[in-house]
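Each remark here refers to the structure printed beneath this line.
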Amino acid sequence: MLALGGCHGARAPEEFGPLAEEFVYSTLEFSPVSATAAGCHQRPGKNLDEMLDDFSPEALEAQRRFYRGFQERLAKLNSAAWGAEDRVDYGIVLDQIELALLELDHIQSYRHNPTLYVESAGNAMFSPYVLEYAPAPVRMRHIVARLEKLPAFLATARRNLQDSPPIWTQVALDENAGNIELIDHTIRAAVPSALRAAYDRAAAPALEALRAFAGWLKSDLKPASEDAWRLGPDNYREKFRLVLGTQRTPDQVLAAAEADLGAVRARMLELAGPLHRNWFPEHGAHADPNVTIREVLGQIALRHALPETYIDEAKRDLEAARLFVRGHGLLPLPARQNLQVIETPRFLRGIYAVGGFVPAPALEPRLGAFYWITPIPPEWPAERKESKLREYNFYKLNLLTLHEAVPGHYVQAEYANDIEPPSRRLVRAVFGNTPYVEGWAQYVTQAMLDAGYLDNAPELRLSFQKEELRVLANAILDIRLHTRKMTGRQAVQLMTGQTFQEIEEATAKLQRAQLSSCQLPAYYVGWRDWLRVRDQFHQARGGEFRLAEFHERALDEGAVPLAALGRLLAARTAGQ
């Protein structure tokens, strides 16, 4: 078994297990920051918790050699001789190698995206601060050691970065300010008295380096073209295949998503009609169905939290969701009670403008998992605050909590952290399939509504159908922005005009698409594939089908590509 305090595990008996462990631990060693988050703290001769990621040319070349060498080793193996589970893990590792080489050889974010360095630095400090893998003084010494290395880390960033599109530079500046606040205020306030002098000595040059880096970003980093953030058709197509684990092309997914827009809007009109007649009897039937839907959604949006109660209401919704899942037997909930609801770290609010989820470390599942809620800044003007609160109204905030926490991401991650053997758990947790993860959260939210959550409130169902439109828009705008030169104005029009999103939400989503690629379509691809896998399982089980059994079996496999999940469930069903 893997030791909780380190990452030297006994090799699993399966033939592929030792190779899987070697691959996971080697890639974690390339990223000490990720290793801390995953619960891997020690490697031979190295305390990873005291190290930062190395983006030097020598280190990047060492990574290239490792991935190409491992690829050659795997090509010589006969995977057909292994069982179904090992063959799935083998495929995951192969895809991760190709994805890493695509980044190193072609995309090369380390040359163009300053947020890569800013977010790595922030996570390096934040993980030891919040993850209680050791006593607080020990973790604080790890932070001090990393602070001491931060000036050199930022010097490497300056040498590597050739240019940056303005949107990446601006977000890096905003997140860099979050790092300064984290180090100078948040963590400093928690430093034990015995370590204050050491912390101050390390923090002073680190903060100076962060401020100098901000000045360099503003004045010296060469601006790339306005649309240099676009991945381009060729890189996007290859990344899409590897990240989503699908044989469907971006063009095929785009066509399907655009075709689904009309069907979902028709369902929304059918549901909105009775609400509209009740709330707006004097308006009559509008010739434009969009007006009917928009008026009803506007009325629904009026029920929302205040900026100061926003996070507390999410906590309340979380408890209600737990009670409902248990009471309706949708699936057994995790035994661990390790979920914390906290504010999104400021240095990550560029991409997590609304919220997010961070699972407990795969190697230390007893530690905390985090449901992040991004607070509404007090300095925002009143209309901007109101736009955010209308979008994340009472019903939408409930949906967010179902998606991010229970029974969504948190439940899925907790199941994944109990997978045996450890080698399989690590592969599927560290390299989890994004459509499986995001698709589960969308699919199981639908299952909650189908089971009658919030007393079958039509307002909740209509809000969820609006969410479905947003999922479709996510796929459409990501593919079109990165491969078909969709403009920012066209993307915002798609979201506000065709999918009823508030301008604040649409603006934040456009920025997210400019900062990432191939993540936003995962919601649509995964949701539809989860429904297909469930239908296949239902057909195989016939009259013995039980929804809770399907959920438990599917989650027990971990975040594998959904086509592989269907095969694994079919094999298990046939073997009964």
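The values are calculated or read from the model by the stated rules, or taken from the named source; none is laboratory data. In this text the structure is predicted, and so the values were computed from the model without any measurement. Glycine also receives a Cβ, built like all others from the backbone with ideal geometry; neighbour counts cover every protein chain displayed.
Taking the range 503-576 and the helices (runs of 4 or more DSSP H) fully enclosed by it, the elements with 1 or more residues that are more than 23 Å from Thr445 (Cα to Cα) are at 503-515, 522-541, 562-574.
Looking only at residues in the range 196-225 that are in a helix (DSSP H, G or I) and in contact with a Pro (Cβ under 8 Å, 6 or more places away or on another chain), the one that is nearest to Ile167 (Cα to Cα) is Leu217. Does Ala362 satisfy the criteria of being outside the structural domain of Ala563 (by TED's automatic domain parsing), under 24 Å from Leu302 (Cα atoms), outside any strand (DSSP E or B) and not basic (Lys, Arg)? Taking the combined requirement at face value, the residue does not satisfy it. Look at Val560 and say whether it is more than 25 Å from Leu469 (Cα to Cα) and modelled with pLDDT of 95 or more. Taking the combined requirement at face value, the residue satisfies it. Of everything in the range 391-432 that's among the basic types (Lys, Arg) and modelled with pLDDT under 95, which residue is farthest from Gly17 (Cα to Cα)? Going through the qualifying residues, I end up with Arg425.
Scanning the range 285-322 for residues being assigned to a helix (DSSP H, G or I) and out of contact with any strand residue (DSSP E or B) (no Cβ under 6 Å at 6 or more places or on another chain) gives a total of 23.
Please pick out the residue among Glu208, Glu175, Glu132 that is in contact with a helix residue (DSSP H, G or I) (Cβ under 7 Å, 6 or more places away or on another chain), among the charged types (D, E, K, R) and outside the structural domain of Gly488 (by TED's automatic domain parsing).
Glu175
Within the set Glu391, Glu379, Glu414, Glu386, the sole residue that is surrounded by fewer than 24 Cβ atoms within 10 Å (Cβ to Cβ), of a type outside the set (A, V, I, L, M, F, W, C) and closer than 19 Å to Pro361 by Cα turns out to be Glu414.
Set side by side, the residues Ala353, Ala314, Ala301 differ, and just one is buried (at least 21 other Cβ atoms within 10 Å of the Cβ), over 24 Å from Tyr133 (Cα atoms) and under 21 Å from the mean Cα position of the chain (by Cα), which is Ala314.
Residues considered: Phe545, Phe550. Of these, the only one that is of a type in the set (Phe, Trp, Tyr) and loosely packed, with under 15 Cβ neighbours inside 10 Å is Phe545. If you check Ala513, Ala491 for being in contact with a His (Cβ under 9 Å, 6 or more places away or on another chain) and of a type in the set (A, V, I, L, M), only one passes: Ala513. When every residue of the range 378-389 is checked against the conditions, at least one turns out to be over 17 Å from the mean Cα position of the chain (by Cα), hydrophobic (A, V, I, L, M, F, W, C) and assigned to a helix (DSSP H, G or I). In the range 39-53, the qualifying residues are those that are in a loop (DSSP other than H, G, I, E, B) and without any contact (Cβ under 8 Å) to a residue 60 or more places away in the chain, and the one that is nearest to Met140 (Cα to Cα) is Gly45.
In the set Leu28, Leu48, Leu19, Leu94, which member is among the aliphatic types (A, V, I, L, M), more than 22 Å from Val358 (Cα to Cα) and modelled with pLDDT of 95 or more?
Being among the aliphatic types (A, V, I, L, M), more than 22 Å from Val358 (Cα to Cα) and modelled with pLDDT of 95 or more holds for just one of Leu28, Leu48, Leu19, Leu94, which is Leu94.
Residue-level analysis places Val437 outside the set of residues that are outside any loop (DSSP other than H, G, I, E, B), touching a Lys or Arg at 6+ places or on another chain (Cβ under 6 Å) and within 27 Å of Tyr129 (Cβ to Cβ). Would it be correct to say that Ile311 is closer than 13 Å to Phe500 by Cβ, among the β-branched types (Val, Ile, Thr) and touching a residue at least 24 places away in the same chain (Cβ under 8 Å)? Spelling it out, it is not the case that Ile311 is closer than 13 Å to Phe500 by Cβ, among the β-branched types (Val, Ile, Thr) and touching a residue at least 24 places away in the same chain (Cβ under 8 Å).
Please tell me if Val296 is at pLDDT 95 or above, assigned by TED's automatic domain parsing to the domain that holds Leu477 and of a type outside the set (D, E, K, R).
no
Hey, any hits in the range 408-417 for a residue that's within 19 Å of Arg326 (Cβ to Cβ), of a type outside the set (Ser, Thr, Tyr), touching a Ser or Thr at 6+ places or on another chain (Cβ under 8 Å) and not in a helix (DSSP H, G or I)? Looking through the range 408-417, at least one residue is within 19 Å of Arg326 (Cβ to Cβ), of a type outside the set (Ser, Thr, Tyr), touching a Ser or Thr at 6+ places or on another chain (Cβ under 8 Å) and not in a helix (DSSP H, G or I). I'd like to know if the range 112-120 contains one or more residues that are crowded, with 18+ Cβ neighbours inside 10 Å and modelled with pLDDT under 95. Within the range 112-120, none of the residues are crowded, with 18+ Cβ neighbours inside 10 Å and modelled with pLDDT under 95.
Taking the options Thr487, Thr483, name whichever one is surrounded by fewer than 20 Cβ atoms within 10 Å (Cβ to Cβ) and either closer than 21 Å to Ala266 by Cα or modelled with pLDDT of 95 or more (or both). From the options Thr487, Thr483, the qualifying one is Thr487.
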